[in-house]
Amino acid sequence: MMSEKLQKAREFEAKYAPFADAERPAFHVTGAIGWVNDPNGFSVYQGEYHLFYQYHPYSTNWGPMHWGHVKTKDFVKWERLPVAIAPDTEADRNGCFSGSAIEMPDGRQLLLYTGVYRQRRDDAIMEEVQHQCVAVGDGLNYEKYEGNPVLTADDLPEGGNRLDFRDPKIWQEEDGYYAVVGNRPADGSGSILLYYSEDGFHWEFKSVLDACYNEYGKMWECPDFFPMGEQHVLLVSPQEMTPLGLEFHAGYGTVCLIGTYNKKEYSFERDAVQAVDYGIDFYAPQTLLTQDGRRVMIAWMQNWQTANCQQKDVRIFGAMTFPRELEVRDNKLIQNPVRELANYHGRKVAYHNVVISRETNLSGVHGRIIDLTVKVRPASGKMYQWFKLKLGKDGEHYASVRYKPDCDTVRIDRTRSGGRFDIVHVRDFLVRDRKGEITLRILMDKNSIELFVNDGEQAATFLIYSPITAQAISFEADVPVMIDVEKYDLKL
Ligand code: FRU
């Protein structure tokens, strides 16, 4: 039987979603209506890719969390499905927080998520309790398990905090299911706990897979853990990070820990640590394994620091990044847009060996729903100091990507891109020294820019706010440089 809360949410989104259609990007997932944060339950079910998301349909602000739902066959075109779950049971009455999904051998889809409830303690303080819950369904409708919660404070290791115990990510191995869950240990920072279950409903603690020890931020949210070749990757989204050179920035970050998993001992040894995305709007990534063996990642294309800085009169807030294929090469995470995007390439405009220095527009190179690749190299013996690409440009606005070969840095800058708030608009990050050669691939979808440097060695995601009519793109450098440009309009 469908709860009143779920029914109300479904009716609400069905009624109001059409009014938000004009605000939607062309190939990025948004909520039907209202607020969206983390991607949840990104997984394969009956041959299709399902994606759920943290969802508050009733306003563009965070509120009691539901799970919104979409599915796709190719990561580009998504079909909207009705709200999957609402906070409507004792165990999740104050929110269905982040979690994951998996197809069970009997053909049902299992959702493992964090149920939240608030209660008054004996000393009058209101506290929030987080524990893990299960719902099972057919890809459309879900029943909450009557045995919820399935993981509680009793399943925490010593010192574990039951107020910060969330975001289970499930996967299957030969002997059953495993899940990683974020927790705050006694030192007040973050840790990732590993659990095992034979059937998905009964879980037991196995190990502290990794811990932060106050080194990479505090509480580690939204973990994901998966093999890549001989190694394993642990993705976490730490709160309260501090910068480390240009590698991490302050606040909510995303970290990729690459290492070796010892399955017998349930232990993980790190080989390398790096930021996942060097831009401004990227958080809480989650991955799935495609049928053809690709590890694909999607994230919330926003960040908590600026989630209150909304444009006026919006009906939807929050979107997902475009899904990325992951690889690990030499202990580094490589990310590129999923290859399915090429099926939507429309008109192509290409230039080779063009020498530019003063700000230049190239005929046919403009747009806001585009897949653009620019290759830059020194034009003559003289090394350039800087190269700058401006996007989303009109007489008043632009966002820029600047490369400085002498210090191997790329800077993204959206200061002049129409934002109304005095928030972070600029970020610098290090790229590999290639003697002045660089490849910049840019996906633009109306108000978002996803930049991939040197075939995915770094990614940087950021939103811009200029009017959609700001379509120009320009190229400039301090001395002549040689560029190749390839631009596709995306036909959706
Ligand atoms: C991360 C997060 C999760 C939590 C969810 C609540 O963005 O804080 O840890 O489950 O958002 O919406």
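List of remarks:
- Any hit, region 90-97, residues being of a type outside the set (A, V, I, L, M), assigned to a helix (DSSP H, G or I), out of contact with any helix residue (DSSP H, G or I) (no Cβ under 7 Å at 6 or more places or on another chain) and open to solvent by less than 10 Å² (accessible area, probe 1.4 Å): yes
- Residues of region 232-244 classified as over 18 Å from residue 296 (Cβ atoms) and either away from the ligand (no atom under 16 Å from the Cβ) or open to solvent by 70 Å² or more (accessible area, probe 1.4 Å) (or both), total: 4
- Against the numbered list (1) within 16 Å of the ligand (Cβ to nearest atom); (2) open to solvent by less than 10 Å² (accessible area, probe 1.4 Å), residue 56 comes up short only at (2).
- Residue 380, sole failed condition from (1) outside any strand (DSSP E or B); (2) at pLDDT 95 or above; (3) among the hydroxyl-bearing types (Ser, Thr, Tyr): (2)
- Some residue of region 162-179 being buried (at least 19 other Cβ atoms within 10 Å of the Cβ) and not in a strand (DSSP E or B): yes
- When residues of region 14-53 are limited to those that are in a strand (DSSP E or B) and away from the ligand (no atom under 15 Å from the Cβ), the one nearest to residue 318 (Cα to Cα): 30
- Scanning region 1-28 for residues that are of a type in the set (Lys, Arg), within 10 Å of residue 83 (Cβ to Cβ) and open to solvent by 90 Å² or more (accessible area, probe 1.4 Å) gives 5, 8.
- Residue-level check: of (1) within 19 Å of residue 137 (Cα to Cα); (2) away from the ligand (no atom under 16 Å from the Cβ), residue 86 misses just (2).
- Some residue of region 245-268 being open to solvent by 10 Å² or more (accessible area, probe 1.4 Å), within 16 Å of the ligand (Cβ to nearest atom) and in contact with a helix residue (DSSP H, G or I) (Cβ under 7 Å, 6 or more places away or on another chain): yes
- Screening residue 441 with (1) open to solvent by 50 Å² or more (accessible area, probe 1.4 Å); (2) in a loop (DSSP other than H, G, I, E, B) gives one miss only, at (2).
- Members of region 98-134 found to be more than 15 Å from the ligand (Cβ to nearest atom), part of a strand (DSSP E or B) and farther than 17 Å from residue 195 by Cβ, listed by number: 103, 109, 119, 120, 126, 127
The values are calculated or read from the model by the stated rules, or taken from the named source; none is laboratory data. Keep in mind it's a predicted model, so treat the numbers as computed, not measured. Ideal geometry is used to build each Cβ from the backbone, glycine not excepted, and the neighbour counts take in all protein chains shown. When the accessible area is computed, the model is the full protein with side chains, heavy atoms only, and any ligands, DNA or RNA have been set aside. Shrake-Rupley method; radii C 1.70, N 1.55, O 1.52, S 1.80 Å.
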